[in-house]
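What follows is one structure encoded as structure tokens, with my remarks underneath.
The values are calculated or read from the model by the stated rules, or taken from the named source; none is laboratory data. Keep in mind it's a predicted model, so treat the numbers as computed, not measured. Because the Cβ atoms are built from the backbone with ideal geometry, glycine has one as well, and the counts that use them run over all protein chains shown. Surface areas here come from the heavy atoms of the whole protein model, side chains and all, with no ligands, DNA or RNA. Shrake-Rupley method; radii C 1.70, N 1.55, O 1.52, S 1.80 Å.
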Amino acid sequence: MNEISIIVPIYNVAEYLEECIQSILVQRMNSIEIILVDDGSTDGCAELCDFYAEKDRRIIVIHKENGGLVSARKEGLKRATGKYIAYVDGDDWIEPNMFEKMYHILLEENVDIIMCGRYENSVIWERQVFHGIPAGKYDKKRMISDVYPRMIVNETFFEWGVFPGVWDKLFRRECLEKYQMSVDNRISMGEDAACTYPCILNANSIFILHECLYHYRQSEFSMVRKKSDDIKSVRNSYKILFHSVLEQFENEKHIFDLREQWLKYILFLMIPRADELYEGIERLDFLFPFPKIKRDSSIVIYGAGIWGQRLYGYLKYTNFCKIAALADKNYLELQKNGINVIAPEDIDKYKHDAIVITASFENIRKTIFDDLCSRYPEDQICLMDEKLIWSDETLKAFGLM
């Protein structure tokens, strides 16, 4: 039996797959198996998997029909023989000592789960990101007092406690297996959280390592944001995610009640994607979730992240509002990548009725708001309306009630 099984779900990531596999092959551990799960790729990934399997006996390849990330992880777990389980996504890569370091700490501290920080890598930047809970070992008593109260949402909307990814963690197999296998295959967003949070809730101990060992590749910027061809299916996926995990948390609230945090997490996912997920958004007389922004207003979108990109695409498609400009503090890097974005200092050069801040994290929103207020009239600067977000009307529109 191997000590660690490393499961790599793969779907059409041939451009990045060799870097991913090579980073695993150089791990400073001998007792590992590498399970490459080709989830019906059509871009040459299948051939790459077979090529590496012929070169290294530690590699096992599974070829399956495309069924999504959840099903690929499950198939890998079924084949795994390791006492401990890890995941690496096929378009990411890891540090050479990642599993050696995490494995030895897990054994020394005798914990069920160890997690590390990550590098977020894009074509224009790299940054370190750490969990929002201090490093160290937490037994069950400390988990109840210090981890669970802020495990999903660290006090504010929104700030991470423990990041939900399964790929920055090493799990004791018996701690993980039940919860990974119970994730619904139809979930296509938030599938990591559906496994990670119930798993940690039922673990007896964890260790948080304040060191970045995983490289999480960020997708390239693109101002073309198309709606799914099957909006009903997308909405249903979020409903399944929310209600299936909520039921688990309901059954396990005697350990700690995570239901309110779970709702906040789901809303964190859904708000930037309201153009698809808010049923009846086309009938609103204001721009969700900014009730002061009415139809035909001229606005500056501040922020070219996921939310800003989606809002830009939605307004271009619907013409609900006029886009005076898109602003972002990283305008120089974005411009180099072909994004038509301006410097925040140039906002007053563009005629507008309001500046809409599209930042999902409260600390970033506050920083942007304070900076803009020093240069522009405060009544022109719009933050999302949190009272509106928590309203019954919004929860019903998102299918959460």
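Each Lys and Arg Cβ is given +1 and each Asp and Glu Cβ -1; about its Cα centre, the chain then shows a dipole of about 580 debye. For the range 135-199, the Kirkwood radius over C-alpha pairs fed into Stokes-Einstein at 20 °C and 1.002 mPa s yields D = 165 µm² per second.
Counting only protein heavy atoms and a probe of 1.4 Å, the accessible surface of the chain is 47% carbon and sulfur. Applying both filters, DSSP loop and at most 12 other Cβ atoms within 10 Å, to the trypsin sites (Lys or Arg not before Pro) of the range 38-84 gives Arg57. Packing around the peptides 138-151, 365-378, taken as the average count of other Cβ atoms within 10 Å per residue, puts them in this order, highest first: 138-151, 365-378. Between [x] 167; [y] 202; [z] 140, which matches volume of the Cα convex hull per residue in Å³ calculated for the structure shown? Checking each listed value against the structure points to [z]. For the range 224-320, the relative contact order comes to 31 percent (Cα pairs under 8 Å, sequence separation of at least 6). For the range 110-158, the equivalent ellipsoid derived from the Cα gyration tensor has semi-axes of 26, 15, 7 Å, listed largest first.
Solvent-accessible surface of the chain, averaged per residue with a 1.4 angstrom probe and all protein chains in place: 45 square angstrom.
Computed on protein heavy atoms with a 1.4 Å probe, the accessible areas place Glu345, Glu108, Glu95 in the order Glu108, Glu345, Glu95, largest first. Considering only alpha-carbon pairs that sit under 8 angstrom and 6 or more positions apart, the relative contact order computed for the chain is 14 percent.
By definition, a body whose alpha carbon gyration tensor gives a ≥ b ≥ c is oblate when a/c is 1.5 or more and a/b is not larger than b/c, and the range 176-222 fits this oblate description.
If I take R0 = 25 Å and measure r between the Cβ atoms of Asn330 and Asp385 in this structure, what FRET efficiency does the formula 1/(1 + (r/R0)^6) give, to the nearest 0.05? With R0 = 25 Å, the Cβ-Cβ based efficiency is 0.45.
As a rough guide to protection, the peptides 330-342, 193-205 ranked by mean Cβ packing within 10 Å, highest first, stand as 193-205, 330-342.
By the helix-only formula, in which each DSSP H run with n ≥ 4 contributes -39500 (n - 2.57) and the sum is divided by residues, the chain has a 222 nm mean residue ellipticity of -10500 deg cm²/dmol.
Over the C-alpha trace of the range 1-125, radius of gyration and Dmax come out as 14.2, 43 angstrom.
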